[in-house]
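S.K.: First, the structure itself, so that you have it in front of you.
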Amino acid sequence: MAKEANLVIKSAVREVAGDIRISDEFFDALNKKVAELVKEAVKRAEANGRKTLRGADV
């Protein structure tokens, strides 16, 4: 299986996390979760006859 594209900006996540250190494993898991959210949003939009993702699709 092809590797997922990197969908998260590590520096932005680090900024939100503040002083908490973040492992590479966390970024891998977060990236996977974001990819899953996007895929589910696409399914919902298509099921509603749309080609545009909206906030409600998340």
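The values are calculated or read from the model by the stated rules, or taken from the named source; none is laboratory data. Small disclaimer: the values here were computed from a predicted structure and weren't measured. Heads up, the Cβs are rebuilt from the backbone with ideal geometry, glycines too, and the neighbour counts pull from every protein chain shown.
S.K.: Being out of contact with any helix residue (DSSP H, G or I) (no Cβ under 7 Å at 6 or more places or on another chain), among the basic types (Lys, Arg), part of a loop (DSSP other than H, G, I, E, B) and surrounded by 10 or more Cβ atoms within 10 Å (Cβ to Cβ): is that true of residue 21 here?
M.R.: Judged against the criteria, residue 21 is not a match.
S.K.: Moving on. Being polar (S, T, N, Q) and farther than 20 Å from residue 38 by Cα is the filter here, so list the residues in region 6-27 that pass it.
M.R.: 11, 23
S.K.: Kindly indicate which of 30, 7 is among the aliphatic types (A, V, I, L, M), in a loop (DSSP other than H, G, I, E, B) and surrounded by 11 or more Cβ atoms within 10 Å (Cβ to Cβ).
M.R.: Of the residues listed, the single one that is among the aliphatic types (A, V, I, L, M), in a loop (DSSP other than H, G, I, E, B) and surrounded by 11 or more Cβ atoms within 10 Å (Cβ to Cβ) is 7.
S.K.: Filter region 33-58 down to the residues that are aliphatic (A, V, I, L, M), loosely packed, with under 11 Cβ neighbours inside 10 Å and part of a helix (DSSP H, G or I), then identify the one that is modelled with the lowest pLDDT.
M.R.: Filtering region 33-58 for residues that are aliphatic (A, V, I, L, M), loosely packed, with under 11 Cβ neighbours inside 10 Å and part of a helix (DSSP H, G or I), the one modelled with the lowest pLDDT comes out as 56.
S.K.: Return yes when residue 4 is of a type in the set (D, E, K, R) and in contact (Cβ under 8 Å) with a residue 24 or more places away in the chain and no when it is not.
M.R.: So residue 4 passes the test.
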